[in-house]
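Worksheet for the structure shown next.
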Amino acid sequence: MTKIGIIICDRYRTCAGGKCLRALRNREGAFERYEGEAVDLVGYTTCGGCPGGNIEVAPAEMSKNGAQVIHLATGLVVGYPPCPWLDTFCDFVPVKYQLEVVPGTHPIPQNYCLTHQQLGTWASEKEQERIQPTLTNEQMRLAYD
């Protein structure tokens, strides 16, 4: 069984986690990697707001609860603008806590996909690689609008 934690952007602090939990249950988006595997969600919190002060402490608590992987919610990847601290979080957590970090949770909603395509947000090779687990296909993206 893989134990995971989810950290969401503080802009969405009132989010009830419906899309993330649905994607986890259905093994969609970045959770597709756990297909056929048991997963236990051991923590769910916000980053604490820019510049992500909770990133310094939340993974420690999640680790104490057995977390092996921290998912940084799709909102950090596709919000307007995408999180400017995402690279820092992806670098810090593995070094400090020896936990794998996965950018993304639920599939990217189609409306976000279209907007970011128009803006050219994901033009770089690095960004293209980052969104692959949550980009899925148009039908799936529409289901998450």
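The values are calculated or read from the model by the stated rules, or taken from the named source; none is laboratory data. Keep in mind that this is a model prediction, so the values were computed, not measured. Note: ideal-geometry Cβ built from the backbone for every residue, glycine included; neighbour counts use all protein chains shown. These accessible areas exclude ligands, DNA and RNA; they are computed on the full protein's heavy atoms, side chains included. Shrake-Rupley method; radii C 1.70, N 1.55, O 1.52, S 1.80 Å.
Can you tell me the accessible area per residue over the chain, all protein chains present, probe 1.4 angstrom, in square angstrom? Walk me through the numbers on the way to the answer.
Working: 7380 Å² over 145 residues.
I get 51 Å² per residue for the chain.
Note on the range 35-86: with neighbouring protein chains present and a 1.4 Å probe, carbon and sulfur make up 54 percent of its accessible heavy-atom surface.
Which whole-number percent gives the relative contact order of the chain, counting Cα pairs below 8 Å spaced six or more residues apart?
Details: 240 pairs, mean separation 42.0, N = 145.
Normalised by residue count, the contact order of the chain is 29 percent.
Using Cα springs under 10 Å in a Gaussian network model of the chain, which residue among Ala123, Ala23, Ala60 shows the largest mean-square fluctuation? Most flexible of the set in this elastic network: Ala123.
Taking GluC sites (Glu not before Pro) as exposed when DSSP calls them loop (any state but H, G, I, E, B) and at most 16 other Cβ atoms lie within 10 Å, what is the longest stretch of the chain free of them, the sites themselves excluded? Intermediate values should be presented prior to the final figure.
Details: sites that count: Glu35, Glu37.
In short, 38-145.
Net charge near Met1, counting Lys/Arg +1 and Asp/Glu -1 over other residues with Cβ under 12 Å of its Cβ?
Working: positive: Lys3; negative: Glu37, Asp40.
Value of the local net charge: -1.
Taking a straight line from the alpha carbon of Lys3, these lysines sit under 25 Å away, with near neighbours fewer than eight places off in the same chain left out: Lys19, Lys64, Lys96. The length gained on full extension between Phe92 and Arg25, counted as 0.36 nm times the residue separation minus their Cα-Cα distance, comes to 21.3 nm.
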